[in-house]
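Quick notes on the structure that follows.
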Amino acid sequence: MSEASAVLKVVATDDEFGYNKVLRAQRAAFEACRYPGFKARQDKLHALKALIHANRERIIAALTADFGHRSRHETLIAEVASTVGHIEYATGNLAAWMRPKSRRTSIWFQPGQNLIQAQPLGVVGIMAPWNYPINLALAPLVAALAAGNRAMIKMSEYTPASTEALREILAQEFAEDEVAVFGGDAPAAGAFAALPFDHLLFTGSTQVGRKVMQAAANNLTPVTLELGGKSPVIVSADYDIAEAAERVLWGKVFNAGQTCVAPDYLLIPRGTAEEFILQFARKYSQLLPEGAGSDDFTAVIDQRNYDRLRGLLDAAAAGGAMVVSLEDDSEELRARRKLPVTLVINPDAESRIMREEIFGPLLAVVEVSDEQEAIDIINRSERPLALYYFGHSERARDKVLKQTHAGGVTVNDVMLQYLQVSQPFGGVGSSGMGSYHGEEGFRTFSHYKPVFRQRGFGGFTGLKLLYPPYGNLAQRLIRMMGG
């Protein structure tokens, strides 16, 4: 999830931001209860779900305040329903996740038994970005609570209203030594990343993710990095271009393209750009009859990001690309930071729009000769967080899946891999490391401790035959074991 405007400044971890006091309190509370039972964890998750439902209007208002305008329905989908889905999946599967798992025991160590026991890590840190501040704070929190941990959450400086709302909402059920929420600017984020957590999950840009990892390394804090990148879309010649246009458009309209897994650039068969523009424009008028001024269309988060997106368009046009805005860009829209969805046709491969993550309602469209050329273009770039393939041929689909790397994939649609609560979510390469959601989230915030239990009869086990002095029998056994 890109937080392109953030700059992390790592500073000394004194208590300027109030972190150490809370960290000490959470550690003390964890020491007093190192392994919360099933019911205690379930109760916390149920309480969190009730808080979200009871405070839907507060969440909607906070997101609108932070964005200038945020689609109410997008907030309900992405911040409320998505988070509740994670809670419901966790509560339904928690007993199975907590249950010790048996592992095969070699014949040489019989009658012993191998088990894997999931153990809470302790106090974990969660760093949430501005684009989906509630969901990207609470979805990791769901996993952390399910695993039996305590959590400190650092919100983005660009979402002060959401930060305050989340702090007050969670305080209704969670003491500060259970869950604590912090705001603050780049120095505050740097100090937070440098705290000696038992695990740190960061969602944001690749640039800032590198700094987070450096800060965490001083304490050997393990990290999960959920980053971003340029997520490509391949449209095969056998797929209906109008249907592809509508589905890709939804990915660009939702949150005004300010989504880590939003389609970034489109690879279509050569000679189809004109038809794609036509179909894309038709679908745009159907989805948004009032255009970017609609209440269903979200504003760009701030003026700096709005100007950055404008700069991408200006640079592409200066480089010879055709820029197609789907509606007139009025002064009223500019004043509200409402940027109409805009296509950039066949930009130069070295242009900014083809090198930088867009993170807004712009879509680069590149014509290619065949799917192999599309694969080659993708593989010349850093590995993306998401990849989308539209096509009906299983052979072609499997070729794309096997010859490209991406954090996750949706076939014949966009972004839906993120909403699958049973599937892991994470990046690969520069788009991130580690994953969460579903059982993988529980695993991320747990230590899977191997336990070997000796079960000899009357104090005797077969391994005692290998105790010194090593006679002929012991030497034969060692050879049978492969020694």
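Things worth noting here:
- Summary value for the stretch 108-167: 38 percent relative contact order, contacts being C-alpha pairs under 8 angstrom separated by 6+ residues.
- Probe 1.4 Å - accessible area at Ile77, Å² to nearest ten: 80 Å²
- With Cα atoms defining each centre, the stretch 176-221 and the stretch 126-142 are spaced 13 Å apart in the structure.
- Largest-first ordering by accessible area, 1.4 Å probe, given options Lys154, Lys402, Lys21, Lys211: Lys402, Lys21, Lys211, Lys154
- Relative contact order of the stretch 295-450, taken over Cα pairs closer than 8 Å and 6 or more residues apart, is 15 percent.
- From largest to smallest, the equivalent ellipsoid semi-axes obtained for the chain from the alpha-carbon gyration tensor read 45, 30, 20 Å.
- Rounded to the nearest 10 Å², the accessible area of Asp185 at probe 1.4 Å: 70 Å²
- Its residue count N sets the reference 2.2 N^0.38 Å, and the alpha-carbon radius of gyration of the stretch 41-189 equals 1.25 times that reference.
- Bridgeable lysines around Lys399 (alpha carbons under 21 Å apart, same-chain partners fewer than 8 residues away excluded): Lys230.
- Under the membrane-span-like helix rule (DSSP H runs whose alpha carbons stretch at least 15 Å along the helix axis, mean Kyte-Doolittle hydropathy 0.5 or higher), the chain yields 135-146.
- Accessible surface, the stretch 290-391, averaged per residue in Å² (probe 1.4 Å): 41 Å²
- Surface accessible to a 1.4 Å probe, Trp108 within the full protein complex, Å²: 80 Å²
- Gap separating the Cα centres of the stretch 11-83 and the stretch 416-433, nearest whole Å: 21 Å
- Rel. contact order, % - alpha carbon contacts under 8 angstrom, at least six apart, the chain: 20 percent
The values are calculated or read from the model by the stated rules, or taken from the named source; none is laboratory data. Note that this is a predicted model, so its numbers are computed, not measured. Note: areas computed on protein heavy atoms with side chains; ligands, DNA, RNA excluded. Shrake-Rupley method; radii C 1.70, N 1.55, O 1.52, S 1.80 Å.
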